[in-house]
Amino acid sequence: MNIETKTKVYDFFVELYKKYYKPGNLVIDITEDIDNKHFTGVDFVYNAHVATIKVEAFGLELYKIIMKPISQIDKYEFEEFFGFGRHCDGFDTEKKVIYCPKFVEYSLEEVKKAIVSSNIKNKDEFMKDLEILMLYGGYVNSRKAIVEMKDFLTVI
């Protein structure tokens, strides 16, 4: 991908950011197998084990926060957060969710510099870094933004 194409991708990134960003956390179910040694913290609000895993996108350091419940709590906020049914229907201590950041991690100027100056040539690798950046960087809190970015990359 050349600089002109990367600049177009960045411009579309900004459009998606404006369209899909609102302060607040995006919570995503994951099926990824995360080794229990990563769960070193505890979140008392959500009664959950916490794993903080460093990830990188376009050379920018970000963190993937994964949470899994410690024990069942029949409370709406807990059930909603983990996606359990009423009265914790379907409760599973191995259920994992990604807790994306509430606010953006890097300024748009830093993001532009990282995207445009990246050495990534392959569109699939480029999309992987974009997805990491968009979600774990706090720029969008909707999976629709990722779908739109993937569609955009297929036509440029």
So which strands (runs of 3 or more DSSP E) are wholly in region 1-79 and hold at least 1 residues that are surrounded by 15 or more Cβ atoms within 10 Å (Cβ to Cβ) and touching a residue at least 60 places away in the same chain (Cβ under 8 Å)?
27-30, 48-57, 60-69
Among 50, 45, the single one that is touching a Gly at 6+ places or on another chain (Cβ under 7 Å) and more than 21 Å from residue 127 (Cβ to Cβ) is 50
In region 133-146, is there at least one residue being more than 20 Å from residue 56 (Cβ to Cβ), surrounded by 14 or more Cβ atoms within 10 Å (Cβ to Cβ), touching a residue at least 40 places away in the same chain (Cβ under 8 Å) and among the polar types (S, T, N, Q)?
yes
Looking at region 95-108, can you tell me whether even one residue there is without any contact (Cβ under 8 Å) to a residue 12 or more places away in the chain and not charged (D, E, K, R)?
yes
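Restricting attention to region 121-132, and to residues there that are among the hydrophobic types (A, V, I, L, M, F, W, C) and surrounded by 18 or more Cβ atoms within 10 Å (Cβ to Cβ), which single residue is nearest to residue 14 (Cα to Cα)?
Within region 121-132, the match that is nearest to residue 14 (Cα to Cα) is 130.
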Can you find a residue that is in the same structural domain as residue 132 (by TED's automatic domain parsing) and under 18 Å from residue 143 (Cβ atoms) anywhere in region 5-12?
yes
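Residue by residue, here is whether (1) modelled with pLDDT of 95 or more; (2) within 21 Å of residue 25 (Cβ to Cβ); (3) β-branched (Val, Ile, Thr); (4) assigned by TED's automatic domain parsing to the domain that holds residue 34 holds:
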residue	(1), (2), (3), (4)
49	yes, yes, no, yes
59	yes, no, no, yes
65	no, yes, yes, yes
69	yes, yes, no, yes
76	no, yes, no, yes
80	no, yes, no, yes
109	yes, no, no, no
113	yes, no, no, no
Test of understanding: among 154, 93, which residue is among the polar types (S, T, N, Q), modelled with pLDDT of 90 or more and in a helix (DSSP H, G or I)?
154
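The values are calculated or read from the model by the stated rules, or taken from the named source; none is laboratory data. Note that the coordinates shown come from a computational prediction; the quantities given were computed from them, not determined experimentally. Cβ sites come from the backbone with ideal geometry, for glycine too, and all protein chains shown count toward neighbours.
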